[in-house]
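Undergrad: Got a structure for you, written out below as structure tokens; questions coming shortly.
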Amino acid sequence: MFNDIGPLELVTIIVLAVLVFGPDKLPKVIQDVMRTIRKIREFSESAKQDIRQELGPEFKDFEFEDLNPKTFIRKQLENDDLGLKEIRNGFDLKKEMAEVTDAVHSRDSDATSSSSSSAASSSSGSAGGRVDMTKKPEDGTGPDDRPPFDADAT
């Protein structure tokens, strides 16, 4: 319940409680708080029992913690009826990545050997198995040439 309260926060709460309620009334306040927490827990347990009785015998193994989506999904994934453990264990990410890397490198080396002979006649401008990604004008105009003016377009 209070998993994220550290020792410094706990000491601060105790000091504040002593300052607010005083050392005389503090034991009585602690008893009242504990009594209230016990009543809330008893009310919660009785509500859970009432819901279980209303659901009937087919839900006798029902746990309210299963209503939490994370818990529900975790239980379903741990359930071996679907065979997910076999799929998860059969899939080796490192092995798959190594196969993909080998396939890419072997294709890249094949492309390098075949493209070196056709690099001179290639119109895409590839050299050494690499594609030239720079923009080149297709119509033969130079970088300083302006496109023709179209009066209707403006």
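What follows draws every value from the coordinates through simple rules; no lab data is involved. Just so it is clear, the model here is predicted, and its values are computed rather than measured. Because the Cβ atoms are built from the backbone with ideal geometry, glycine has one as well, and the counts that use them run over all protein chains shown.
Undergrad: Extension gain GLU96-GLN76, at 0.36 nm per residue separation less the Cα-Cα distance, in nm?
TA: Numbers: separation 20, 0.36 × 20 = 7.20 nm, distance 2.64 nm.
Computed gain between GLU96 and GLN76 is 4.6 nm.
Undergrad: Using a Förster distance of 22 angstrom, determine the FRET efficiency expected from the C-beta separation of LYS39 and PHE64, and round it to 0.05.
TA: Details: r = 19 Å, r/R0 = 0.87.
Plugging the Cβ-Cβ distance into 1/(1 + (r/R0)^6) gives 0.70.
Undergrad: Expected output is a single nm value to one decimal: the length gained when fully extending between ASP32 and GLN53, i.e. 0.36 nm times separation in residues minus the C-alpha distance. What is it?
TA: On the way: separation 21, 0.36 × 21 = 7.56 nm, distance 3.17 nm.
Contour length minus Cα-Cα distance gives 4.4 nm.
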